Amino acid sequence: MKTNCFLPVLALGVSMLMASSALAQTRLATGAQTPMPAEWVDQDTGHRVVRLTPRDGSNQSFYFHNNPFLPALKGGGPRMVFYHTDAQGKQLRVLDLKTRQVTPLTRYFKQVSGEIVAPKRGEVYYQTGDSVYATRVDTRKTRLVYVFAKDFRASITTLNADETQLGGAWASDAEKEISRQFPEKKDYFRRIYEAKLPRTLFTVSTQGGKLNKLFTDSAWLNHVQFSPTNPRLLMFCHEGPWELVDRIWTIDTQRKQVKLVHKRTMDREIFGHEWFAPDGNTIWFDHQLPRGATFFVTGTNLKTGQEKRYQLTRDEWSVHYTSSPDQKVFAGDGGYPTSVAHSPNGHWIYLFRPNGDKFDAEKLVNLAKHDYKLEPNVHFTPDGKWLVFRANFEGESQVYAVEIAKVSS
């Protein structure tokens with residue numbers, strides 16, 4: 001077991017946001033060589049790209065709607081939690097975005113999952129097997145939060161706004177057996193949808209570990225996310241082929257009232273990969289009218305029910321979208337020729353600026369050398385000046401950031 005307290009990362013300046021070394025001005029096609037330098041300017045876009053993680057194993061940033069960031073400590077910068085995989089297993093680490101130091105967080109278990117950061121408490125929640133733990137980022141002090149019973153083996157996926165409740169969905173043994181027999185998504189996806197097996201939404205208290213079963217349905221309840229501002233509001237989806245489901249729902253965890261967020265308006269309309277706006281007032285989603293024909297990012301106002309659509313082109317369609325901390329701009333991680341948009345030129349990290357009822361798109365990184373079997377999953381940094389993503393154009397998955405401001409010529 002490693003005992004070092006930090007791992008030095010290539011430090012090209014005092015701050016990731018202010019480094020201005022000669023190396024940072026090197027213009028290269030992203031993925032043109034292995035390894036790439038620690039920093040370069042994408043020759044196709046003019047934007048600076050930085051590798052954030054050391055090349056001592058595989059590293060991955062979080063799924064697009066899971067917040068990976070914690071506030072800065074004195075003398076440091078904002079911190080980001082990410083996954084690191086090496087011969088010792090899959091663990092969580094913490095990166096200081098200013099000092100570029102990487103600190104191991106979990107070193108007790110062979111495999112962890114969860115992707116849940118509690119910025120107010122300074123903790124990270126995760127799961128190994130049937131047990132849920134919380135580790136303080138500053139001290140690495142770890143506590144056991146909850147152990148699932150044998151007849152209710154489930155997974156946590158989200159934390160509510162006041163950091164008192166974890167949430168997730170329980171799946172039946174019959175569904176787990178389908179996943180075991182058919183591990184590839186193309187094989188299990190429709191089978192689980194058509195099986196109509198029961199799933200249960202639940203919460204677990206972060207102090208005392210009390211389980212509360214919220215809602216059960218004979219549907220594939222998935223993509224569970226708490227609102228970032230309303231501690232009682234939980235979003236979930238009816239998973240399955242998007243053209244066959246009314247996907248996006250919310251539930252009040254106290255009143256247990258379930259509400260549909262968006263109702264289908266035409267045959268083969270699809271909508272999904274939903275996420276909360278930072279202020280919690282809007283749920284945004286990938287929206288196609290119909291599937292593969294016309295592309296939008298649409299938001300439903302949770303108070304009024306009114307919707308706002310921004311249209312984009314086939315090439316600009318992205319596997320996942322996200323919105324900036326100030327809610328003024330959006331971003332996407334692009335796509336690949338065999339995805340739903342079937343775009344031959346969609347392999348870019350995009351910045352989207354709303355302009356009336358459409359997006360003006362700016363290409364930030366060319367991902368032509370990236371294999372989209374690993375979805376990039378973009379995140380805005382807390383200051384809104386960079387986009388963090390994961391990619392494998394160096395052969396193994398690493399975490400990168402691209403500066404939104406263009407490098408001056």
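Would you check if there is a residue in region 44-65 being in a loop (DSSP other than H, G, I, E, B), at pLDDT below 80 and open to solvent by 10 Å² or more (accessible area, probe 1.4 Å)?
no
Determine which member of the set A174, A134, A149 is open to solvent by less than 70 Å² (accessible area, probe 1.4 Å) and in contact with a Lys or Arg (Cβ under 9 Å, 6 or more places away or on another chain).
A134
Which one is farthest from Y400 (Cα to Cα) among residues in region 104-139 that are assigned to a loop (DSSP other than H, G, I, E, B) and more than 21 Å from the chain's Cα centre (by Cα)?
D130
Please indicate, with yes or no, whether at least one residue in region 397-408 is open to solvent by less than 50 Å² (accessible area, probe 1.4 Å), aliphatic (A, V, I, L, M), over 22 Å from W275 (Cβ atoms) and part of a loop (DSSP other than H, G, I, E, B).
Yes: region 397-408 contains one or more residues that are open to solvent by less than 50 Å² (accessible area, probe 1.4 Å), aliphatic (A, V, I, L, M), over 22 Å from W275 (Cβ atoms) and part of a loop (DSSP other than H, G, I, E, B).
Suppose we filter D357, D333 for residues that are closer than 22 Å to W275 by Cα, at pLDDT 95 or above and over 18 Å from the mean Cα position of the chain (by Cα); which single one remains?
That would be D357, the only listed residue that is closer than 22 Å to W275 by Cα, at pLDDT 95 or above and over 18 Å from the mean Cα position of the chain (by Cα).
Would you mention how many residues in region 355-368 are surrounded by 18 or more Cβ atoms within 10 Å (Cβ to Cβ) and assigned to a loop (DSSP other than H, G, I, E, B)?
Adding up the residues that qualify gives 1.
Is it the case, given these coordinates, that P290 is over 22 Å from the mean Cα position of the chain (by Cα), surrounded by fewer than 22 Cβ atoms within 10 Å (Cβ to Cβ), outside any strand (DSSP E or B) and of a type outside the set (A, V, I, L, M, F, W, C)?
So P290 passes the test.
Quick check on region 9-43: of everything there that is part of a loop (DSSP other than H, G, I, E, B), open to solvent by 40 Å² or more (accessible area, probe 1.4 Å) and more than 13 Å from K98 (Cα to Cα), which residue is modelled with the lowest pLDDT?
S20
Can you name the residue in region 152-171 that is under 29 Å from K120 (Cα atoms), in contact with a Lys or Arg (Cβ under 7 Å, 6 or more places away or on another chain) and not in a loop (DSSP other than H, G, I, E, B) and, of all such residues, is least open to solvent (accessible area, probe 1.4 Å)?
A169
Determine which single condition G129 fails, assuming it passes every other condition in (1) within 28 Å of K213 (Cβ to Cβ); (2) crowded, with 22+ Cβ neighbours inside 10 Å.
Among (1) within 28 Å of K213 (Cβ to Cβ); (2) crowded, with 22+ Cβ neighbours inside 10 Å, G129 violates only (2).
Take region 374-396 and flag every residue that is under 15 Å from the mean Cα position of the chain (by Cα) and either open to solvent by 10 Å² or more (accessible area, probe 1.4 Å) or of a type outside the set (A, V, I, L, M) (or both).
Listed by number, the residues that qualify are L374, E375, P376, N377, H379, F380, T381, P382, F389, R390.
Checking L214 against (1) open to solvent by less than 50 Å² (accessible area, probe 1.4 Å); (2) in contact (Cβ under 8 Å) with a residue 60 or more places away in the chain: exactly one of these is not met. Which one?
(2)
Which of the residues belonging to region 297-339 are in contact (Cβ under 8 Å) with a residue 24 or more places away in the chain, part of a loop (DSSP other than H, G, I, E, B), touching a Ser or Thr at 6+ places or on another chain (Cβ under 9 Å) and open to solvent by 80 Å² or more (accessible area, probe 1.4 Å)?
R314
Identify, please: which residue in region 72-104 is modelled with pLDDT of 90 or more and polar (S, T, N, Q) and is, among those, least open to solvent (accessible area, probe 1.4 Å)?
Filtering region 72-104 for residues that are modelled with pLDDT of 90 or more and polar (S, T, N, Q), the one least open to solvent (accessible area, probe 1.4 Å) comes out as Q91.
How many of the residues making up region 265-287 are under 24 Å from N222 (Cβ atoms) and part of a loop (DSSP other than H, G, I, E, B)?
Counting residues in region 265-287 that are under 24 Å from N222 (Cβ atoms) and part of a loop (DSSP other than H, G, I, E, B) gives 9.
Do you know which residues across region 110-126 are more than 16 Å from L70 (Cα to Cα) and either among the hydrophobic types (A, V, I, L, M, F, W, C) or open to solvent by less than 10 Å² (accessible area, probe 1.4 Å) (or both)?
V112
A quick yes/no check of all residues on (1) free of Cβ contacts under 8 Å to residues at least 60 places away in the same chain; (2) part of a strand (DSSP E or B):
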| residue | (1), (2) |
| --- | --- |
| L73 | no, no |
| M80 | no, yes |
| V94 | yes, yes |
| V102 | no, yes |
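The values are calculated or read from the model by the stated rules, or taken from the named source; none is laboratory data. From a predicted model like this one, the values you see are computed outputs, not experimental measurements. Cβ sites come from the backbone with ideal geometry, for glycine too, and all protein chains shown count toward neighbours. These accessible areas exclude ligands, DNA and RNA; they are computed on the full protein's heavy atoms, side chains included. Shrake-Rupley method; radii C 1.70, N 1.55, O 1.52, S 1.80 Å.
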